Amino acid sequence: MAEQQTMVDEAARRALKEDLAKFNCRVQQPDDPLLFSRTPQSAMETVHWKWTDLEPLLDRLGKQLALEPGGNRRTLRLHNPGLPYGTTHTFWASIQMILPGEIASNHRHTANAFRFIMKGSGATTTVNGECYPMHEGDLVLTPSMMWHDHEYHGDTPMIWLDVLDISLMRAMHATFFEQSQELQQKPDQVPDSSRRRYGSGLMSPPGPRPSGSANPLLAYPRAIAEQALEQAAGVPADPFDDVVLEYRNPTNGGPVMSTMGMRLQKLRPGVHTQARRHTGSKLYYVVRGRGTTIVEGQTYDWNAGDFLAIKPWAWHEHLNRSTEDAQLFQVNDFPAMSALGYYFEEALADNGGHQKLP
Ligand code: GTQ
Ligand code: FE2
C-alpha cells in the first residue's frame, strides 16, 4: 500500500533528518510512505456480522454484564479489525441492551448519537427534558451535547442499534463528556414534543423557519418511514439502491445530523443493482428479508438482523434472489464528507467502463 520513491538526493535527506528534528522540522525521507495515494486506501475492512453470531453474544451480555461505569450502558460494539477502534473510521455502532427495570443514567457528550430500535418496545429516552417512547423500527436522535437517559419497564430485554460519530469526534480532538449528578432528568416538556410539532414532515408551526442547521425533529417513527418507502416504490427505482429514501431534517431538507446520514431501503425480489463506489463509509442493518451484496468481488449473503460495514471506495452492488422484499437501514458519513468537500462517487457503466457522476 505504502509505495516508496527512489530519490536522487537520498543521502542528503537522511543527513538532514537529525538537524531538522531539533527544530521540529523534517523533509520527506526515502522510507516515508508517499504523501498521496492515487485513490483512497483505507485500513478499514468490509465486515459482515451475522445475527446468528450476535444473538448468543447478546444473551451472554445480558446475563453476565452490569451497566458499564462511565456511561452506564450495556453495549456490544461492532468492532472493525482493520482499525484501532470503531465500526468505521468515522463512527461506532453498538447494540445496546437494556433489561427490565434498568435506567441508563443521564449524561451528555459532543458525539452525535442516534438509535434505531431492533427488538422490543416500552423503553423511553429523555432528550433535553423531552421523553420519547421507543418502538421497533423507530429512529430516535440524541444530537451533540443534549442530555439523555434511558429507562425501561418491559418484561423481556430490549435492544437497539446505537451509532455515535466517536471516531470523527476523536480525530477532531473534540471530546467532551459530562455525567449528570442526577440519575435521570425530570421531563419538563410535553412527551414527544418535537415529533408532535415537526413529525408529519409536511407541516410545522407557522412563522419564520427555525434558523441554523439544527434539526428540531428528534424522532422518526417506523410507520411513517415505511409508508414513505411504500409510496416511493411507485416511481422508477434508483439504479444503485432500488427503492431508497433518506431521513431528513423537515425544516430544510438537509441530513438528519450534521455528520451522519440515515436511509431506509427496499430491495425487491429479482433486483440486481448497478455497482458504485464512493468515499465515506457506511453500515447496513438488515431489518427484514435476505439478499446479497458483492463488495470488491466478495459475496456477502445476509439475513435479517445482520450488519454489513462497507469500506471507502469499494465497489459494491446488491441482489435480492429471494421471493420477498428485503429492507435495509443504512447509516453513512456522507453529510460529514460532503460538508468538507470530500464526497466523491463513481458508477460502473453498462459497458464496464467507469463513469464519473456529476
Ligand atoms: O446510549 O448514551 O452505545 O453514550 C455509546 C455511548 C450508547 C448512550 C453507546 C453512549 C450511549
Ligand atoms: Fe450517550
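With the simple model of a label 7 Å out from the Cα in the direction of the Cβ, LYS50 to SER37 spans 2.9 nm. When only alpha carbons are used to place a centre, segment 199-238 and segment 146-180 end up 24 Å from one another.
Per-residue ellipticity at 222 nm, computed for the chain from helices alone with -39500 (n - 2.57) per DSSP H run of at least four residues, works out to -4500 deg cm²/dmol. Taking 0.36 nm per residue of sequence separation and removing the Cα-Cα distance, the TYR85/THR175 pair yields an extension gain of 30.9 nm.
What percent does the relative contact order of segment 1-122 come to when contacts are Cα pairs within less than 8 Å and at least six residues apart? Write out the running numbers ahead of the final one.
Working: 98 pairs, mean separation 21.7, N = 122.
Taking the mean separation of contacting Cα pairs over the length of segment 1-122, I get 18 percent.
Averaged per residue, what accessible area in Å² does the chain show with a 1.4 Å probe, protein chains only? Don't skip to the end; give the middle numbers.
Working: 18440 Å² over 358 residues.
Accessible surface, normalised per residue, equals 52 Å².
Just in segment 249-358: which trypsin sites (Lys or Arg not before Pro) are loop by DSSP and have at most 14 other Cβ atoms within 10 Å? Intermediate results must be reported in sequence, preceding the final value.
Working: sites: ARG263, LYS266, ARG276, ARG277, LYS282, ARG288, ARG290, ARG321, LYS356; in loops: ARG321.
Passing both the DSSP loop test and the Cβ count: ARG321.
Which one, GLN185, GLN41, GLN327, has the greatest fluctuation when you compute a Gaussian network model over the chain with C-alpha springs under 10 angstrom? With Cα springs under 10 Å in the chain, the top fluctuation among GLN185, GLN41, GLN327 is at GLN41. Size of the chain: Rg and Dmax of its alpha carbons, in Å, are 22.6, 72. Scanning residues 5 or more positions from SER322 or on other chains, those with amide H under 5 Å from its amide H are GLY270, with H placed 1.01 Å from N in the peptide plane. Distance from the alpha carbon centroid of segment 239-275 to that of segment 82-136 works out to 22 angstrom.
In this structure the amide hydrogen of ARG288, modeled in the peptide plane, comes within under 5 Å of the amide hydrogens of GLN327, none closer than 5 places in sequence on its chain. Selection among PRO33, TYR300, LEU267 by position relative to the dipole of the chain gives PRO33 as farthest towards the positive end (Cβ unit charges, Cα centre).
The GNM of the chain, with springs linking C-alpha atoms under 10 angstrom apart, assigns the highest mean-square fluctuation among LEU20, LEU264, LEU141 to LEU20.
Which GluC sites (Glu not before Pro) does segment 92-172 hold that lie in a coil by DSSP with at most 15 other beta carbons within 10 Å? Spell out each step's value before the answer.
Working: sites: GLU102, GLU130, GLU136, GLU151; in loops: GLU102, GLU136.
Answer by residue number: GLU136.
Quick one: if the Förster radius is 56 Å, what FRET efficiency do LEU65 and LEU20 give, using the C-beta to C-beta distance and rounding to 0.05? Using R0 = 56 Å, I get an efficiency of 0.65.
Let me check against my output: what whole-number percent is the relative contact order of the chain, with C-alpha pairs under 8 Å and at least 6 apart?
Values: 794 pairs, mean separation 52.9, N = 358.
Rounded, it is 15 percent for the chain.
Computed extension gain for SER213 through ILE103, at 0.36 nm per residue and net of the alpha carbon distance, reaches 36.5 nm.
The values are calculated or read from the model by the stated rules, or taken from the named source; none is laboratory data. The model shown is predicted, which means the values in this text are computed figures rather than measured ones. Using ideal geometry, Cβ is built from the backbone for each residue, glycine included, and neighbour counts are taken over all protein chains shown. These accessible areas exclude ligands, DNA and RNA; they are computed on the full protein's heavy atoms, side chains included. Shrake-Rupley method; radii C 1.70, N 1.55, O 1.52, S 1.80 Å.
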